[in-house]
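The values are calculated or read from the model by the stated rules, or taken from the named source; none is laboratory data. Not measured: the values here are computed from a predicted model. In this analysis, Cβ positions are derived from the backbone assuming ideal geometry, glycine residues included, and neighbour counts consider all displayed protein chains. Surface areas here come from the heavy atoms of the whole protein model, side chains and all, with no ligands, DNA or RNA. Shrake-Rupley method; radii C 1.70, N 1.55, O 1.52, S 1.80 Å.
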Amino acid sequence: MADHRTPVFLDCDTGIDDSLALLYLLSRPDVELVGVASTAGNVPTDVVVANNLAWLDFCGRPEVPVHPGSPGPLVAPLRTAEDTHGPHGVGHSQLPPATVTASPVDARRAWVRAAAAHAGDLVGLAIGPLTNLALALRDDPYLPARLDRLVIMGGAFGVPGNTTPVAEWNMVVDPEAAAEVLAAFSRPDAADVLVCGLNVTEQMILTPDDLARLLESCDGAPLARHLADALRFYFEFHRAQDEGYLAYAHDPFAAMVALDPGRVESSPAHVAVELDGTLTRAMTVADRRGLLGPPNARIVTAADTATMMAELVDALAELAGRTGVESRR
Ligand code: BDR
Ligand code: CA
């Protein structure tokens, strides 16, 4: 019988909200998680690899390949965000280390292979810096035509940045990679690109009440307790930034959009990344008038984030409940 699951290739820098996105994908029986590329960003690549392996192992999904990515950005020196995501990228959580190891296939090759193996069907989901995808595009310039769609968490459109006054973290870590990716998807036969910037992802607010509901719905299953430990750190970080005791769920928002693009409003634009500005480096520039070229992306402009958050909590609780039964702890 044909497999009707949606093949998804995830590229992430896990990371607390990356963890939520990964677990959300695992919660969905209609998703075939083809691979998980690990990129340097929130924490160094080896830590991202360890986190991805640990979540997958904990959830009883060790067969999903985790691909180590580039140790750093294309040009810029690597910067990481342990202040945001904790010393190991998962907040206060002490995930048991995985018993499985990373794939021998690096992230750059894995992108190319996944796109070829699922030509026309693959959903690419990039929720970290775009280094691995940029490198893959150098190897396979035709890759944009092989995807079904690419969903990116990154950029800030009409709102301030979260890392510089005008730029968002994933863009700041590797602006050259982001610029290369967006340029590569400007080819006329490229798959649709949906960009989820801070203008929408900062509407996807996870509160202690949401976390309480998650824990209650699965009777405090071990997976949910790890998430609680991770999220407590994220709440504390946001409070330290004067945002309140809450967390922006940037990456799971993008994951939900990737699986159902029709649930959000978006508008076409030519999106480019500033590389030279002294104050504006890594800023995403959206041109809706065709001055820079035809549209190469759709910018997500609105979403029912309250409904999305409720669904996210339900999905994570269901996964945690299921995992609690099978967990090693
Ligand atoms: C993005 O930056 C990272 O810290 C998060 O994981 C998310 O992908 C938000 O700006
Ligand atoms: Ca991320």
Sole miss for VAL166 among (1) more than 12 Å from ligand 1 (Cβ to nearest atom); (2) within 17 Å of the chain's Cα centre (by Cα); (3) open to solvent by 10 Å² or more (accessible area, probe 1.4 Å) is condition (2)
Among (1) away from ligand 2 (no atom under 16 Å from the Cβ); (2) free of Cβ contacts under 8 Å to residues at least 40 places away in the same chain, PRO44 falls short only on (1)
query: Any residue in region 134-153 that is at pLDDT 95 or above, touching a Phe, Trp or Tyr at 6+ places or on another chain (Cβ under 6 Å) and within 15 Å of ligand 1 (Cβ to nearest atom)?
result: no
Reported set for region 279-314 where residues are open to solvent by 40 Å² or more (accessible area, probe 1.4 Å), under 30 Å from ALA224 (Cα atoms) and not in a helix (DSSP H, G or I) is ASP304
Among helices (runs of 4 or more DSSP H) entirely inside region 1-96, those with 1 or more residues being more than 16 Å from ligand 1 (Cβ to nearest atom) are 16-27, 45-58
Counted residues in region 87-137 being open to solvent by less than 30 Å² (accessible area, probe 1.4 Å), within 23 Å of PHE58 (Cα to Cα) and of a type in the set (S, T, N, Q) come to 2
Of ALA258, ALA212, ALA247, the only residue that is away from ligand 1 (no atom under 12 Å from the Cβ) and under 18 Å from the mean Cα position of the chain (by Cα) is ALA258
Quick check: anything in region 315-329 surrounded by 14 or more Cβ atoms within 10 Å (Cβ to Cβ) and either of a type in the set (Phe, Trp, Tyr) or assigned to a loop (DSSP other than H, G, I, E, B) (or both)? yes
The condition from (1) farther than 23 Å from ALA190 by Cα; (2) more than 22 Å from the chain's Cα centre (by Cα); (3) away from ligand 1 (no atom under 15 Å from the Cβ) that ALA240 misses is numbered (3)
State whether one or more residues within region 191-214 are under 20 Å from ALA156 (Cβ atoms) and in contact with a Lys or Arg (Cβ under 6 Å, 6 or more places away or on another chain).
yes
Screening GLY244, GLY262, GLY197 for residues that are under 15 Å from THR301 (Cα atoms) and either more than 16 Å from ligand 2 (Cβ to nearest atom) or open to solvent by 60 Å² or more (accessible area, probe 1.4 Å) (or both) leaves only GLY262
